[in-house]
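Colleague: Pasting a structure here, questions to come.
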Amino acid sequence: MRLMTYNSIYQKIKISGNGCILFSSDRALNDQSRRLESMTVHRPCANGFALLIHSMPSPLFQPAQAFVSRRNSLDLLKRFTETRNLNLGKAINAHLIRMFQLDLIQANYLINLYVKCGQLHLARRLFDIMPERNNVSGNALMAGYFHAGFPLEALDVFKSMDLSQLSCGPNEYMLTTLLASCAEVRALEEGQQCHEYALKSGLVSHSYVRNALLHMYSKCSGMEDALQVFRTIPSFDIFAFNSIINGFLEHGQLNYAMEVVSGMVKEVAWWDHVSYVAVLGLCADSKDLNLGRQIHSQILRRGVEFSVFVGSAIVDMYGKWGDVQSSRCAFDGLLNKNVVSWTAVMAICTQNGCFEEALKLFLEMEVVGFRPNEFTYAVALNACAGLSALKNGDALNAHAEISGYKAHLTVGNALINMYSKSGSIDDAKRVFTSMPHHDIISWNSIITAYSHHGLANEALEAFHKMLKEEVPTYVTFIGVLSACGHLGLVDEGFYYLNHLMREVGIRPGVEHYTCIIGMLCRAGLLDEADRFMRYTCVDWDIVAWRTLLSACQVHRNYGLGQKVGEHILKLDPDDVGTNILLSNMYAKAHRWDGVVNIRKLMRERDIKKEPGVSWIQVRNETHVFASEDKKHPWMSQINEKVAELIAQIKLIGYVPNIGSVLHDVEDEQKEEYLRYHSEKLAIAFGLICTPPGAPIHVMKNLRMCDDCHIATKLISVVTNRKIIVRDANRFHCFESGICSCDDYW
DNA sequence: GACTTATACC
């Protein structure tokens with residue numbers, strides 16, 4: 001009877017091609033056999049094995065004789081690896097150890113199983129206690145580390161291995177993994193050693209090894225080395241072509257990438273979805289709309305595997321062309337979405353200024369159950385930065401902290417940017433100091449942040465600290481030179497421009513030269529700035545000229561201002577900013593004929609001044625105020641507050657700047673107009689809605705007007721509040737009657 | 001016997 005049952009179980013499992021396990025306890029046998037008999041045919045092996053193995057620790061079920069044939073154990077391990085069945089894999093592991101059956105091959109199978117189930121620590125533990133290891137054991141673990149994003153650990157495993165254990169040197173598998181890890185950590189020297197070994201051992205003729213070599217060189221060194229390997233490939237190899245295109249793409253050598261693609265066109269039957277991803281990326285970067293659309297339709301026509309990779313690449317391509325609509329459309333049509341495609345579409349929205357849309361997508365993504373990753377947080381924070389949405393940014397900060405992503409560099413960097421653009425320089429600084437590591441982006445972000453907030457000394461101090469750790473970049477010097485401008489450090493500015501930049505090999509661009517113009521202007525050296533612009537061989541843009549014009553307005557140098565203004569209007573007669581600046585300048589000089597003239601020209605050319613709008617976030621809601629806006633539900637309270645504030649600040653010297661009002665009306669009415677400037681309304685609303693002492697953050701789409709600037713300084717005194725206004729140009733931090741811009745903006 | 005290469009979001 002007992003034997004029959006054994007046999008029937010054995011046969012059943014054997015017939016289905018699985019394992020064979022025999023136990024001796026009567027009860028166990030009866031129980032198990034009954035359960036085994038009733039098993040469904042679909043997963044007899046897994047269930048049967050689980051029942052038997054799981055019963056083993058119980059004293060009732062002591063196996064008198066448990067047996068898994070070696071062949072069967074390997075079959076089971078293979079199956080459990082394919083189905084990622086960690087528990088049964090562990091059970092076999094326990095069983096084999098108990099039976100003193102665990103040999104090298106089985107252990108290698110197990111390492112692979114643990115690796116594939118994402119249990120690197122288990123793989124590692126097994127690896128460490130193995131009495132004997134070979135190429136396969138090492139490589140299974142190394143590949144595990146590599147794929148999990150720990151290439152350094154993969155290299156460490158290799159270094160820690162006693163190579164005499166390998167009967168021969170590393171085989172083609174291990175060499176491939178080694179090269180891939182070197183590529184990832186940009187270890188050129190080690191990669192070259194691998195190359196030498198590959199040549200000596202003859203493994204270089206192996207296509208995997210060759211492709212890994214090619215990829216390693218394209219990552220760690222120039223494309224020349226990669227091409228040398230590429231030329232040794234005897235026949236068309238899609239892997240190699242894909243790697244070469246991606247290499248050129250990463251090095252920004254788009255023309256070469258395009259050449260390779262042209263060469264691939266006749267082999268188009270062999271393209272795989274990675275090729276499509278690469279070519280779509282090329283079309284995105286080179287703005288080749290024609291080819292991009294062709295490729296997109298070809299993908300649809302040929303029914304190319306529409307992986308998340310291909311989908312995200314299409315979303316990204318349309319977005320990089322600035323076509324948010326098509327990008328969004330492509331995204332909505334994706335059948336396979338993942339965090340990356342969601343993040344891609346959010347990034348596209350953010351890059352094209354659709355910040356609210358990006359934040360909406362972030363919420364939607366969570367609703368449908370995708371967890372954001374570090375890139376998602378970075379993108380969402382950038383969207384907040386674009387909106388100066390401090391509250392949302394704060395919430396995201398907490399969110400990222402809870403989910404453990406705050407420790408990532410990209411998130412830290414995005415937080416610095418968000419806090420800085422939202423007017424909270426203290427928080428930006430706090431994030432920067434609390435970060436365990438800084439990269440060049442972190443440094444650039446904090447330097448630029450200090451600069452924008454007028455904290456030029458801090459910016460330069462950070463810059464000098466940075467020089468001890470990192471090599472400055474193009475962006476670094478924009479922050480540094482604008483800091484020099486704030487401090488009036490003309491000599492230092494020129495030193496950085498002419499010497500330090502050359503020393504580190506950065507060619508100054510128009511942004512740097514514009515900082516120099518700003519610096520000269522700020523120091524009152526308007527004629528020098530004008531001369532510098534006329535005699536330096538720089539492709540000056542409108543922004544640069546407007547910097548000079550704006551300075552003429554501030555310094556009341558109307559003669560030069562008129563000359564510069566006319567020059568700009570020759571370049572672009574429709575430039576709104578210039579027209580407004582000129583008209584303000586004429587108004588300041590009481591040159592009403594000039595004002596009327598500009599307004600007439602603007603009317604004729606149908607140039608409309610963007611209406612002034614200010615906004616403020618209170619308790620997660622954004623309240624928008626336009627000038628002379630009467631729509632806000634709290635308007636009567638706001639008006640009352642404005643009147644109260646004006647009365648208070650008049651006592652300490654406020655005189656309404658009615659000279660700046662262009663309307664052809666009585667002075668009293670002009671004063672009335674000034675009261676309804678959008679920033680005053682937003683500030684008053686902020687004061688009503690926030691507790692005493694809380695800082696007020698207001699954003700404005702245009703440059704803050706002179707009258708509001710004076711008024712806000714005084715309001716910061718009478719209310720004892722810090723008021724931070726981000727206008728079109730910069731931040732103004734009003735505190736105790738002083739503004740961080742030193743009245744120059 | 002088992003283990004290996006390239007791709008999308010910052």
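Colleague: Starting from 0 in steps of 10 Å, tell me what percent of the Cα-Cα pairs of the range A:615-739 lands in each bin.
Modeller: Using 10 Å bins, I get a P(r) of 13, 48, 34, 4, 0 for the range A:615-739.
Colleague: Which is farthest toward the positive dipole end of the range A:615-739 among A:Thr622, A:Asn701, A:Ile658, measuring Cα position about the Cα centre, with Cβ charges +1 (Lys, Arg) and -1 (Asp, Glu)?
Modeller: Looking along the dipole axis, the top candidate is A:Thr622.
Colleague: Counting only protein heavy atoms and using a 1.4 Å probe, what share of the accessible area of chain A belongs to carbon plus sulfur, as a whole percent?
Modeller: Values: 19630 of 36260 Å².
Carbon plus sulfur share of accessible area: 54 percent.
Colleague: Turning to a different aspect of this structure: Using θ = phi - 60° and the Karplus curve 6.51 cos²θ - 1.76 cosθ + 1.60, what whole-Hz ³J(HN,Hα) does each residue of the range A:516-522 get, with Gly and Pro shown as x?
Modeller: With the stated coefficients, the range A:516-522 comes to 4, 4, x, 5, 4, 4, 4 Hz.
Colleague: Provide the per-residue ³J(HN,Hα) series for the range A:680-689, in order, calculated from phi with Karplus coefficients 6.51, -1.76, 1.60 and θ = phi - 60°, each as a whole number of Hz, with x at glycine and proline positions.
Modeller: Per-residue couplings from phi come out as 5, 4, 5, 5, 4, 4, x, 5, 5, 8 Hz.
Colleague: Using θ = phi - 60° and the Karplus curve 6.51 cos²θ - 1.76 cosθ + 1.60, what whole-Hz ³J(HN,Hα) does each residue of the range A:170-179 get, with Gly and Pro shown as x?
Modeller: x, 8, 5, 5, 5, 4, 4, 5, 4, 5
Colleague: For A:Lys588, give me every one of the aspartates and glutamates with a C-alpha distance below 13 angstrom, ignoring sequence neighbours fewer than eight places off in its own chain.
Modeller: A:Asp706, A:Asp707
Colleague: DSSP beta bridges in the range A:615-739, what fraction antiparallel, as a percent rounded to 5?
Modeller: On the way: 11 of 15 bridges.
Given both bridge residues lie in the range A:615-739, the antiparallel proportion sits at roughly 75 percent.
Colleague: Using a 1.4 Å probe, what is the accessible area per residue for the range A:354-491, in Å²?
Modeller: Working: 5900 Å² over 138 residues.
Per residue, the range A:354-491 has an accessible area of 43 Å².
Colleague: How far is it, in nm, from the label point at A:Arg70 to the one at A:Ile129 when both lie 7 Å from their Cα along the line to the Cβ?
Modeller: According to this spin-label approximation, the distance is 2.2 nm.
Colleague: What ranking, highest mean first, results for peptides A:512-521, A:95-104 when packing means the other Cβ atoms within 10 Å averaged over each residue?
Modeller: On the way: A:512-521: 24.4, A:95-104: 15.1.
In descending order of packing, they fall as A:512-521, A:95-104.
Colleague: Give me the extension gain from A:Glu82 to A:Ile97: residue separation times 0.36 nm, minus the current Cα-Cα distance, reported in nm with one decimal.
Modeller: Details: separation 15, 0.36 × 15 = 5.40 nm, distance 2.20 nm.
Difference between extended and current length: 3.2 nm.
Colleague: With charges set only on the Cβ (+1 for Lys and Arg, -1 for Asp and Glu), what does the dipole of the range A:615-739 come to about its Cα centre, in debye to the nearest 20? Walk me through the intermediate numbers first.
Modeller: Details: 15 positive and 16 negative charges, 130 e Å.
Roughly 620 debye, rounded to the nearest 20.
Colleague: At R0 = 22 Å, how high is the FRET efficiency between A:Asp285 and A:Ser307 if r is their beta carbon distance? Nearest 0.05 is fine. Let's see the in-between values first.
Modeller: Details: r = 20 Å, r/R0 = 0.93.
After rounding to 0.05, the efficiency reads 0.60.
Colleague: From the helices alone, meaning DSSP H stretches of at least four residues, give me the mean residue ellipticity at 222 nm for chain A, per-run term -39500 (n - 2.57), in deg cm²/dmol to the nearest 500.
Modeller: So the calculated ellipticity at 222 nm is -20000 deg cm²/dmol.
Colleague: Compute the FRET efficiency between A:Phe236 and A:Leu163 as 1/(1 + (r/R0)^6), taking r as their Cβ-Cβ distance and R0 = 25 Å, and round to the nearest 0.05. Please list the in-between numbers first.
Modeller: Working: r = 36 Å, r/R0 = 1.43.
FRET efficiency, A:Phe236 to A:Leu163: 0.10.
Colleague: Further, regarding this structure: Among A:Phe248, A:Ile348, A:Ser167, which residue has its Cα positioned farthest towards the positive end of the charge dipole of chain A, with +1 placed on the Cβ of Lys and Arg, -1 on the Cβ of Asp and Glu, and the dipole taken about the Cα centre?
Modeller: A:Ser167
Colleague: Evaluate the charge dipole of chain A about its Cα centre and quote only its size in Debye, nearest 20, assuming +1 on the Cβ of each Lys and Arg and -1 on the Cβ of each Asp and Glu.
Modeller: Values: 73 positive and 78 negative charges, 504 e Å.
Magnitude of the dipole: close to 2420 debye.
Colleague: Taking the alpha-carbon distance from A:Lys90 and a cut-off under 20 Å, which lysines remain once sequence neighbours fewer than 8 residues away in the same chain are dropped?
Modeller: Qualifying lysines at Cα under 20 Å: A:Lys78, A:Lys116.
Colleague: State, to one decimal in nm, how far the label point of A:Ile688 lies from the label point of A:Ser403, with both points 7 Å from Cα in the Cβ direction.
Modeller: A separation of 3.7 nm, rounded to one decimal place.
Colleague: Starting from the amide H of A:Val618, placed 1.01 Å from N in the peptide plane, find each other amide H under 5 Å away whose residue is 5 or more places distant or on another chain.
Modeller: Amide H to amide H, under 5 Å and 5 or more residues apart or across chains, A:Val618 pairs with A:His623.
Colleague: Roughly how many nanometres apart are two label points built 7 Å out from the Cα toward the Cβ at A:Ala395 and A:Glu250?
Modeller: Label at A:Ala395, label at A:Glu250, 3.8 nm between them.
Colleague: While we're on this one: Quick one: give the max-minus-min coordinate of the C-alpha atoms of chain A along each principal axis, largest first, in Å.
Modeller: 114, 60, 52
Colleague: So the label point goes 7 Å from the Cα of A:Leu601 along Cα→C-beta, right? Which residues of the range A:540-556 then have their backbone N under 19 Å from it?
Modeller: Those under the cut-off are A:541-554, A:556.
Colleague: Shifting gears a bit: Loop only by DSSP, 12 or fewer other Cβ within 10 Å of the Cβ. Give me the trypsin sites (Lys or Arg not before Pro) in the range A:619-699 that pass, ordered by residue number.
Modeller: Details: sites: A:Arg619, A:Lys630, A:Lys631, A:Lys641, A:Lys650, A:Lys670, A:Arg675, A:Lys680; in loops: A:Arg619, A:Lys630, A:Lys631.
Listed in order of number, the matching sites are A:Arg619, A:Lys630, A:Lys631.
Colleague: For the range A:273-346, what is the accessible area per residue in Å² when the probe is 1.4 Å?
Modeller: Details: 3260 Å² over 74 residues.
Heavy-atom accessible area per residue stands at 44 Å².
Colleague: Please work out the average accessible area per residue across the range A:615-739, using the 1.4 Å probe convention, and give it in Å². Walk me through the numbers on the way to the answer.
Modeller: Values: 5880 Å² over 125 residues.
With all protein chains present, the range A:615-739 gives 47 Å² per residue.
Colleague: What residues have an amide H closer than 5 Å to that of A:Asn729, excluding those fewer than 5 places away on the same chain, when H is modeled at 1.01 Å from N in the peptide plane?
Modeller: A:Met704
Colleague: A further question follows. Could you tally the net charge around A:Leu113, taking each other residue with its Cβ under 11 Å from the Cβ of A:Leu113, Lys/Arg +1 and Asp/Glu -1? Walk me through the numbers before you get to the answer.
Modeller: Numbers: positive: A:Lys78, A:Arg79, A:Arg84, A:Lys90, A:Lys116; negative: A:Glu82.
Cβ neighbours under 11 Å give a net charge of +4.
Colleague: Please tell me which of these pairs span more than 28 angstrom C-alpha to C-alpha: A:Lys320/A:Lys360; A:Lys608/A:Lys650; A:Lys406/A:Lys700; A:Lys320/A:Lys570; A:Lys266/A:Lys287; A:Lys287/A:Lys465? Walk me through the numbers before you get to the answer.
Modeller: Values: A:Lys320/A:Lys360 20 Å; A:Lys608/A:Lys650 34 Å; A:Lys406/A:Lys700 30 Å; A:Lys320/A:Lys570 32 Å; A:Lys266/A:Lys287 23 Å; A:Lys287/A:Lys465 39 Å.
Beyond 28 Å between Cα atoms: A:Lys608/A:Lys650; A:Lys406/A:Lys700; A:Lys320/A:Lys570; A:Lys287/A:Lys465.
The values are calculated or read from the model by the stated rules, or taken from the named source; none is laboratory data. Since this is a predicted model, take the numbers as computed values, not measurements. For neighbour counting, all protein chains shown are included, and Cβ atoms are generated from backbone atoms with ideal geometry for every residue, glycine included. Calculation scope for accessible area: heavy atoms of the full protein, side chains included, ligands and nucleic acids excluded. Shrake-Rupley method; radii C 1.70, N 1.55, O 1.52, S 1.80 Å.
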